[in-house]
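The values are calculated or read from the model by the stated rules, or taken from the named source; none is laboratory data. None of the values given here were measured: they were computed from a predicted structure. Ideal geometry is used to build each Cβ from the backbone, glycine not excepted, and the neighbour counts take in all protein chains shown. Just the protein is used for accessible areas: all its heavy atoms, side chains included, with ligands, DNA and RNA removed. Shrake-Rupley method; radii C 1.70, N 1.55, O 1.52, S 1.80 Å.
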Amino acid sequence: MSRDHILHTVRTALGRSAGQAIADPPPVRLRLPEVDLDSRVSSMLARVEALAGKTHRAATVDDARAYAAALLQGRSAVASNAPFLRETGIVDLPGVQSGFTEATALRALCATAHVGITSADYALADTGSLVLLSSQQEARLVSLLPPVHLAIVPAARILSGLDELFTVLPHPADQTSSMVLITGPSRTADIEQILVRGVHGPGKITVVVGP
């Protein structure tokens, strides 16, 4: 079957003719509900817990750091280079390594660390999703390779949902090569519909919403 015949078949199915100009796309329709900050935080935490994740609402920076320290309990951890983690003192906790700029060293540590610690560029209240833009500050491996993911997120970064995200960030590719949305622990099901967590990423996730 020739290329021209294939294209003719496609055009016919679409009700178009050869040389016809492509119509302008319809306008983008984004719905931005008015949701106050407390409601966003409550929704975010509830959605994460509904997906078998754990959560904590930290009243202060010291509270967030103390919770992280209790979660680690001497286990090895690798933290991203997110400024918020340094500001909260998370990277200074015992057993936490951070500040990596060389991919090979970061990959080797992520393969052996028990906990990967990140912040998040944004979070979505309606789905409990974390939004990470791949960069030197938030390397994807930290959130994907260790079996436990701990995310420390400022409350101000919680958006109402995906529509608001694309209002704030209409062209993600202009800022990053990869935008990752993390919604609960990694989980998959085989053809027998047996749910298994931790196959393609961390099997446990904890989200701490900071001040």
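What shape does the chain take by its C-alpha gyration tensor, where a ≥ b ≥ c are the square roots of the eigenvalues and a/c under 1.5 counts as rounded, a/b above b/c as prolate, and the rest as oblate? Prolate, because a/c is 1.5 or more and a/b exceeds b/c. Would the stretch 90-202 count as rounded, prolate or oblate if I go by the C-alpha gyration tensor, calling it rounded below 1.5 in a/c and otherwise prolate when a/b exceeds b/c, oblate otherwise? It comes out oblate by the Cα gyration axes. With all protein chains in place and a 1.4 Å probe, the accessible surface of the stretch 1-103 carries 55 percent carbon and sulfur.
Of the GluC sites (Glu not before Pro) found in the stretch 41-128, the ones in coil according to DSSP and having at most 16 other Cβ atoms within 10 Å of their Cβ are 102.
Remark: the chain carries 57 Å² of accessible area per residue (probe radius 1.4 Å; ligands, DNA and RNA excluded).
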